[in-house]
Ligand code: SAH
């Protein structure tokens with residue numbers, strides 16, 4: 001079986017540079033971002049384990065099986081057939097071609113791309129495993145999800161190593177109505193200045209299920225986000241589980257258990273506060289984060305130099321619009337006295353600054369799922 005891989009991490013648009021930074025911090029080799037914002041890197045089995053265990057801002061880690069140009073279905077069939085499938089998919093394993101995507105390419109019919117790719121892999125494995133043609137090869141073992149992406153006639157064929165997307169850490173049992181994905185929450189925290197000195201207060205005044213507060217604590221304490229979940233690669237027959245166990249043990253040792261944090265979440269909705277508490281407990285952070293039911297309008301503090309991160313309601317539905325405009329105005333008034341605090345607010349409202357009553361120091365475009373949002377950043381005044 002294969003020992004060294006070309007790998008690829010996928011992420012929401014706008015987060016590639018963070019993914020690349022995370023990979024470099026893990027001492028992973030040959031990290032590069034291509035002109036289509038795809039993050040590539042090289043590695044072995046330990047790299048696959050480490051990247052899945054540690055990446056906070058990515059969606060998935062994939063093995064790049066091959067890249068080639070194809071303009072006809074014959075080209076596609078031949079090139080897929082030529083790839084080294086028997087080095088990756090043992091006899092008897094499942095290999096659904098679970099996704100085909102085509103952009104600006106001659107081969108634009110995605111279902112046909114999917115079907116031809118499957119046929120080519122079947123034929124290759126029949127040959128490699130000396131099975132008679134015409135009789136389907138059995139597929140009842142571990143699953144290798146194959147994906148084909150075509151862009152301007154360049155085909156990339158990958159196998160997913162992650163399984164359920166990496167945003168699912170395993171701690172969020174309940175999530176309320178408008179949850180933020182965990183990887184997006186982690187990315188936003190990495191965009192703030194809090195991690196430079198995480199002893200400063202961190203507050204999410206609209207905490208919902210607690211995503212920002214939990215991701216902030218995990219980042220500051222250097223807790224690997226994937227410690228409590230399963231990954232597709234663990235079922236691959238050639239993956240030595242001892243490697244994963246070793247990576248987990250190494251990760252466990254790197255937790256900064258002695259760092260004192262001041263992280264708080266509150267929400268107007270008592271039900272959400274209870275959910276946030278349960279999620280923090282599931283993440284092993286019940287003693288680290290404080291939650292309470294409170295209106296953000298009632299927040300005040302004498303603490304200095306804190307960081308406030310909020311994902312307030314957006315008012316996407318028309319009937320909510322007025323309420324939300326009023327809320328943003330009250331946020332502006334409530335937070336105005338926190339001059340030394342840095343504030344980061346994520347919303348899809350393009351008029352947010354006007355409603356809030358202050359121009360942001362900086363803005364950053366981000367996608368909350370498919371919804372275009374901006375992170376409005378207000379930097380706090382320096383303490384002299
Ligand atoms: N980021 C959260 C979701 C936030 S949704 C998560 O990942 O789960 C917005 C939250 O703002 C809701 O939970 C809502 O109850 C809360 N909220 C609305 N108005 C509020 C107010 N005036 N004060 C505090 N919280 C409020």
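Quick notes on this one:
- Within region 167-183, the residues that satisfy the criterion of being closer than 15 Å to residue 311 by Cβ, out of contact with any helix residue (DSSP H, G or I) (no Cβ under 7 Å at 6 or more places or on another chain) and surrounded by fewer than 24 Cβ atoms within 10 Å (Cβ to Cβ) are 175, 177, 178, 181.
- Residue list for region 39-65, restricted to those being in a loop (DSSP other than H, G, I, E, B) and crowded, with 22+ Cβ neighbours inside 10 Å: 55, 56, 57, 58
- Residue match in region 250-257 (condition: away from the ligand (no atom under 12 Å from the Cβ) and modelled with pLDDT under 95): yes
- Out of 68, 91, 77, sole residue that is part of a strand (DSSP E or B) and in the same structural domain as residue 137 (by TED's automatic domain parsing): 68
- Tallying residues that are in a helix (DSSP H, G or I) and within 30 Å of residue 142 (Cβ to Cβ) within region 254-283 yields 1.
- Among the conditions (1) without any contact (Cβ under 8 Å) to a residue 60 or more places away in the chain; (2) within 16 Å of the ligand (Cβ to nearest atom); (3) in contact with a strand residue (DSSP E or B) (Cβ under 7 Å, 6 or more places away or on another chain), residue 326 misses just one, which is (3).
Residue by residue, here is whether (1) touching a strand residue (DSSP E or B) at 6+ places or on another chain (Cβ under 9 Å); (2) outside the structural domain of residue 55 (by TED's automatic domain parsing); (3) over 24 Å from residue 281 (Cβ atoms) holds:
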position	(1), (2), (3)
138	no, no, yes
144	yes, no, yes
156	yes, no, yes
165	yes, yes, no
170	no, yes, no
175	no, yes, no
199	no, yes, no
205	yes, yes, no
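- Strands (runs of 3 or more DSSP E) (entirely within region 324-384) containing at least 1 residues that are at pLDDT below 95: 362-368, 371-378
- Qualifying positions in region 285-300 - exposed (fewer than 13 other Cβ atoms within 10 Å of the Cβ) and assigned to a loop (DSSP other than H, G, I, E, B): 287, 300
- Matching option when the condition is more than 16 Å from the ligand (Cβ to nearest atom), out of contact with any helix residue (DSSP H, G or I) (no Cβ under 7 Å at 6 or more places or on another chain) and closer than 27 Å to residue 13 by Cβ, among 347, 361, 340: 361
- Of the set (1) assigned by TED's automatic domain parsing to the domain that holds residue 272; (2) at pLDDT below 95, all apply to residue 290 but (2).
- Matching residues, region 151-209, being on the phi > 0 side of the Ramachandran plot and more than 13 Å from the ligand (Cβ to nearest atom): 152, 153, 163, 170
- Failed condition for residue 281, given (1) in contact with a helix residue (DSSP H, G or I) (Cβ under 9 Å, 6 or more places away or on another chain); (2) at pLDDT 95 or above: (1)
This table checks each residue for (1) without any contact (Cβ under 8 Å) to a residue 40 or more places away in the chain; (2) touching a helix residue (DSSP H, G or I) at 6+ places or on another chain (Cβ under 7 Å).
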{"residue": "32", "(1), (2)": "yes, no"}
{"residue": "47", "(1), (2)": "no, no"}
{"residue": "68", "(1), (2)": "no, yes"}
{"residue": "77", "(1), (2)": "no, yes"}
{"residue": "109", "(1), (2)": "yes, no"}
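The values are calculated or read from the model by the stated rules, or taken from the named source; none is laboratory data. Quick caveat: nothing in here was measured; it's all calculated off a predicted structure. With ideal geometry, Cβ positions are generated from the backbone for all residues, glycine too; neighbour counts draw on all protein chains shown.
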